[in-house]
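Beneath this line is the structure, given in structure tokens, with notes to follow.
What follows draws every value from the coordinates through simple rules; no lab data is involved. No experiment lies behind these values; they were computed from the predicted model shown. For neighbour counting, all protein chains shown are included, and Cβ atoms are generated from backbone atoms with ideal geometry for every residue, glycine included.
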Amino acid sequence: MRTAFVEALVEVARTDPRVWLLTGDLGFSVLEPFAERFPERYVNVGVAEQNMVGIASGLAMAGKVVFTYSIANFATLRCLEQIRNDACYHDLPVKVVAVGAGLTYGSLGYTHHGLEDIPIMRALPRLAVIAPGDPVEAALAVRELVRWPGPAYLRLGKAGEPVVHRDGLAELPASKLILVREGRGPAILATGSMLPTAVDAANQLAGLGVDTAVYSVPWLKPFDAAAVATLARKHSLIHTLEEGQRSGGLGGLVAETPGGASAPRARLVRGGLDDLCLHEVVSQKAGREANGLGVEAIVEALRKGS
Amino acid sequence: MIPNSSVPASNPSAVARSIRKSLLRMVHHANASHVGGGLSIADVLAHLYGGVLRVDPSRPNDPERDRLILSKGHTAAALYATLAERGFFPSEWLDHYGEEHSPLTGHTNHLVPGVDASTGALGHGLSLGCGIALAMQRDRRPARAFVVLSDGELDEGSTWEAALFAGHHQLEGLIAIVDYNQIQSFGNVCEILDLEPLADKWRAFRWQVVEIDGHDHDQIAGALARLPAKAGSPTVILARTVKGKGVSFMEGELLWHYRSPDGAQLERALRELDDSP
Ligand SMILES: [Mg+2]
């Protein structure tokens, strides 16, 4: 997704001279294509995330559309008040980009686990929140973010995630869920890089006679609550999937949706993490599996529940 | 570029007195705090808006204007009084400072004509100024970014992140002005968290330092007339000021960071200002 992101950013910057990129000294061997092509619109501000968002806001006050880039918590929590006061309150086109969502950097330790960003970011006013499910969505998200007039948060994984939308996607319209797989039984709503896992689970469930729909939910804010309410009438069970704190995350969003939690038909199962404080080396795969986010656990939950 | 045309006729000293009187009436009326820090920066604001800043009150959002970010946002009332004085909005607005639904909030509000940024959380303003100055530098546009800082907010690490950045990137269009009134929320700066040697700190961050008496009109005018103080460097003006300046019983008194003058105190303060030279 990192590669798709930077390629898409170079592409939009080619025709839109307002587009800038700032990094907090991260993104070695990722950001070079932008830096080399647009040195006048690129700055490595050093390891100083508060200053990075303040500078991005100042640049935006002077007419620029500014992407900031760092790892999970550094991009978001370290400079939370700058995002809130400087970018959001002034309604500026500052686009915060975090890589290493969830347990992407599981083995690096707790400081590098990006777990609470969705609940926290979506609590901020005016800030769009997007977590693309694959590189195709990530590239489209960049274009959407440049079009989006105000501040935004883009949550990315790492490099090398599988492509889910093999036939491509035309667009990633604001708030819209994307139907990835039709199904009449339960429905999986996956955000971010849980999407490939959702598709794998649905494929296995098909073999077990459980016809499972899969939706990608790249937009967490604005969020299409009406679409979710419709799904809750249509499907027997809704299983949300996110690699992060589920309270206030996608699971929370669906539960908050009128008709989402107490629909005429659907039960809600919220897959995600709860106050996870790991103290050992845990790979992304093992971390997911230990917390109900592996394919087997999802298949089991849906087979039993539907 | 905005011509430096519509300079107010009155002299800076008269403008500063007028700002102080408006400020005192406002905080009295609203029963608001932070009057001391407003009085300490009034002279500098009078000069900035009295012809230094390339701004046009009829076009407050002109993209080529100079910006002023009052990073010490708690003294918004002094800025509002200055902007009204300069004609950005009618002086009558000041009468409603702090009232329900007034746009004149206790900390700066960027929806008020002439206010370039909403501040109030300390340590944000210098980074905003860096961003504006960087955009102008890269675009080769002449607009400058002025940032007014309190001494208390120099405790914030983010201020020094921005200082480091500005020095490295040689942002000569960035001008910081420190209202060095030596008092912060709980008492004397030198006792709470000493900033000295302050000029050396800025120099070490590659800023050109200008030290002035922040109430001496000749010194203020002199410092603001020669910007940048050194080509290729950001400029910081360390303005030594007195909290509560101009009102004898407020000068140097921590209490007036919090208190609002009652009717009798207001009358006395206004009389003192009228009688001052
Ligand atoms: Mg002070």
Stretched fully, the stretch from A:LEU77 through A:HIS165 gains (0.36 nm per residue minus C-alpha distance, one decimal, in nm) 28.6 nm
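What does the charge add up to near A:GLY27, with Lys and Arg as +1, Asp and Glu as -1, over the other residues with Cβ less than 14 Å from its Cβ? Please list the in-between numbers first.
Values: positive: A:ARG2, A:LYS158; negative: A:GLU7, A:ASP25, A:GLU32, A:GLU36, A:GLU49.
Net local charge, A:GLY27 excluded: -3.
Would you tally the net charge around B:ARG65, using a Cβ to Cβ cut-off of less than 11 Å, leaving B:ARG65 out, and scoring K and R as +1, D and E as -1?
On the way: positive: B:ARG54, B:ARG59, B:ARG67, B:ARG141, B:ARG144; negative: B:ASP56, B:ASP62, B:GLU64, B:ASP66, B:ASP116.
Taking every other residue near B:ARG65 into account, the sum is 0.
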Expressed as a whole number, the average count of other chain Cβ atoms within 10 Å around the Cβ atoms of B:155-163 is 4
In whole Hz, the Karplus estimates of ³J(HN,Hα) for the range A:232-245 (6.51, -1.76, 1.60; θ = phi - 60°; x where Gly or Pro) are 5, 7, 8, 10, 6, 8, 10, 10, 8, 9, 8, 9, x, 4
If one builds a Gaussian network model of chain A from Cα atoms under 10 Å apart, the most fluctuating residue listed among A:CYS88, A:CYS277, A:CYS79 is A:CYS277
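Mind scanning A:LYS176/A:LYS304; B:LYS72/B:LYS245; B:LYS21/B:LYS72; A:LYS64/A:LYS95; A:LYS95/A:LYS285 and naming the pairs with a C-alpha gap bigger than 22 Å? Don't skip to the end; give the middle numbers.
On the way: A:LYS176/A:LYS304 29 Å; B:LYS72/B:LYS245 17 Å; B:LYS21/B:LYS72 20 Å; A:LYS64/A:LYS95 11 Å; A:LYS95/A:LYS285 29 Å.
Over 22 Å Cα-Cα: A:LYS176/A:LYS304; A:LYS95/A:LYS285.
What is the dipole size for the range A:178-305, taken about its Cα centre, with +1 at each Lys and Arg Cβ and -1 at each Asp and Glu Cβ, in debye to the nearest 20? Working shown, then result.
Values: 13 positive and 13 negative charges, 105 e Å.
Rounded to the nearest 20 debye, it is 500 debye.
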Of A:ARG41, A:ARG270, A:ARG246, the most mobile residue in a GNM of chain A (C-alpha springs, cutoff 10 Å) is A:ARG41
Checking A:ALA72, A:ALA190, A:ALA13 against a Gaussian network model of chain A (alpha-carbon springs below 10 Å), the top fluctuating residue turns out to be A:ALA13
Expected sort for A:TYR215, B:TYR80, A:TYR89 with the fewest Cβ neighbours (10 Å cutoff) up front is A:TYR89, A:TYR215, B:TYR80
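Using Cα-Cα distances under 8 Å and only pairs 6 or more residues apart, what relative contact order does chain B have, in percent?
Values: 561 pairs, mean separation 62.0, N = 277.
22 percent.
Using the number of other C-beta atoms within 10 angstrom as an exposure proxy, rank B:ASP66, B:ASP216, A:ASP167 with the fewest first. Before the final figure, lay out the partial values.
Numbers: B:ASP66 22, B:ASP216 14, A:ASP167 6.
Ranked by crowding around the Cβ, least crowded first: A:ASP167, B:ASP216, B:ASP66.
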Here the equivalent ellipsoid of the protein assembly as shown, derived from its Cα gyration tensor, has semi-axes (largest first, whole Å) of 52, 25, 21
Share of Cα-Cα pairs in the range B:207-262 beyond 18 Å, whole percent, is 47 percent
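Shielding of B:165-174 by partners, i.e. mean partner chain Cβ atoms within 10 Å per residue?
Working: counts 8, 2, 0, 2, 3, 0, 0, 0, 0, 1.
Neighbouring Cβ atoms belonging to other protein chains average 2 per residue here.
Considering Cα pairs under 8 angstrom that are at least six residues apart, work out the relative contact order of the range B:169-228 and quote it in whole percent. Walk me through the intermediate numbers first.
Values: 23 pairs, mean separation 14.9, N = 60.
The normalised contact order for the range B:169-228 reaches 25 percent.
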Net charge near B:THR75 (other residues with Cβ under 11 Å of its Cβ; Lys, Arg +1; Asp, Glu -1) is +1
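May I ask you to derive the relative contact order of the range A:185-301, considering only C-alpha pairs under 8 Å and at least 6 residues apart, and to give it as an integer percent?
Numbers: 193 pairs, mean separation 32.9, N = 117.
Contact order relative to length: 28 percent.
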